[in-house]
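Take a look at the structure below.
The values are calculated or read from the model by the stated rules, or taken from the named source; none is laboratory data. What you are looking at is a predicted structure, and each value in this text was computed from that prediction instead of being measured. Methodologically, a virtual Cβ is constructed for each residue, glycine included, from the backbone with ideal geometry; neighbour enumeration extends over all protein chains shown.
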Amino acid sequence: MNNVQCTVIIPAAGKGKRMKNDKSKQYIELDGKPILAYTIDAFEKCNEIQNIILVVGKDEVDYCRKEIVEKYNYQKIIAILEGGKERQDSVYEGIKKVPEDSDIVLIHDGARPFIGAEQIKQTIDDGIKYGACVLGVKVKDTIKVVDDDNNIVDTPNRNNLWAIQTPQTFKKELIALAYQKAQNDNYCATDDSMLVEKYLDIKIKIVEGLYSNIKITTIEDLIIAKNFIDQ
Ligand SMILES: Nc1ccn([C@@H]2O[C@H](COP(=O)(O)OP(=O)(O)OP(=O)(O)O)[C@@H](O)[C@H]2O)c(=O)n1
Ligand SMILES: C[C@](O)(CO)[C@H](O)COP(=O)(O)O
């Protein structure tokens, strides 16, 4: 595909409850800069991305425009939208505003600031080739399936287990259709590819990512993030 048009949706409307911090985690500063700004930087600098859609919390649109978009002089942001109750609702707000001429939609957590250019480009290439792909890494631990009483019921073969990250990258029509169907059904998933798995009969490729592409979720992740920045 020549001149492929790519739009990234960055959901950043979460409250960061697991971080237990007054400020939502995406606005916590690392070395004087908000986590969300590190995330946006990666896509702003990536030549393959034309548009960035930011989805932020209720009442955070003006704050984000002034303190993030204007302050860091981002040029690719075409919309700053108010998100919804769940991550999926926030992403859906973004999907509704993807420009007509976009071929590929990437979805990337605002709280994953260490995404690399190579990985973004690889998901775009595989998104074009296969229609749907997600970044992931092989799990390092043994994973157990447990019942409601915390008794082990299964130990899946680790060779078949991957920890899934973002970007999750799709042809626009595919992800728009999967999202519309899920929203109509009130079906809530924990990542975007689950909707494609449920509603569309297509294969989704895994693109091998990096362990450094962490999602800042709990306080330990902040310590790791500070170490990455200091390196
Ligand atoms: N209603 C929501 C919930 C989450 N997110 C975003 O989705 C990404 C991944 O979600 P997660 O890490 O779970 O963030 P939070 O929901 O903020 O965290 P928690 O579950 O601990 O409250 C984050 O960038 C978050 O801001 C969103 O846009 N809208
Ligand atoms: C999309 C995701 O980052 C893939 O690992 C993750 O599932 C988001 O889940 P969360 O519950 O919002 O942390």
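For segment 175-229, what are the residues that are in a helix (DSSP H, G or I) and touching a Cys at 6+ places or on another chain (Cβ under 6 Å)? Residues satisfying the conditions do not exist here. Scan segment 55-103 for residues that are on the phi > 0 side of the Ramachandran plot and either modelled with pLDDT of 95 or more or more than 14 Å from ligand 1 (Cβ to nearest atom) (or both) and the total you get is 1.
Is there any pair with a first residue in segment 81-95 that is within 17 Å of Q168 (Cα to Cα) and a second that is away from ligand 2 (no atom under 15 Å from the Cβ) and β-branched (V, I, T) whose Cβ atoms are under 8 Å apart and which are 6 or more apart or on different chains, and what are they? Taking only residues 6 or more apart or on different chains, the pairs are G94/I53.
Checked against the criterion of being part of a strand (DSSP E or B) and among the aromatic types (F, W, Y), segment 149-170 contains one or more residues that satisfy it.
Per the conditions (1) in a loop (DSSP other than H, G, I, E, B); (2) away from ligand 2 (no atom under 14 Å from the Cβ); (3) over 26 Å from A182 (Cβ atoms), the sole criterion not satisfied by E118 is (1). Hey, among the residues in segment 167-184 that are free of Cβ contacts under 8 Å to residues at least 60 places away in the same chain and under 25 Å from K215 (Cβ atoms), which one's surrounded by the most Cβ atoms within 10 Å (Cβ to Cβ)? Step by step, filter segment 167-184, then rank; the result is A178. Report yes if I204 is under 19 Å from H108 (Cα atoms), touching a residue at least 40 places away in the same chain (Cβ under 8 Å), more than 15 Å from the chain's Cα centre (by Cα) and surrounded by 16 or more Cβ atoms within 10 Å (Cβ to Cβ), otherwise no. Spelling it out, I204 is indeed under 19 Å from H108 (Cα atoms), touching a residue at least 40 places away in the same chain (Cβ under 8 Å), more than 15 Å from the chain's Cα centre (by Cα) and surrounded by 16 or more Cβ atoms within 10 Å (Cβ to Cβ). Residues satisfying the criterion are absent from segment 136-153 (criterion: under 16 Å from C6 (Cβ atoms) and within 16 Å of ligand 2 (Cβ to nearest atom)).
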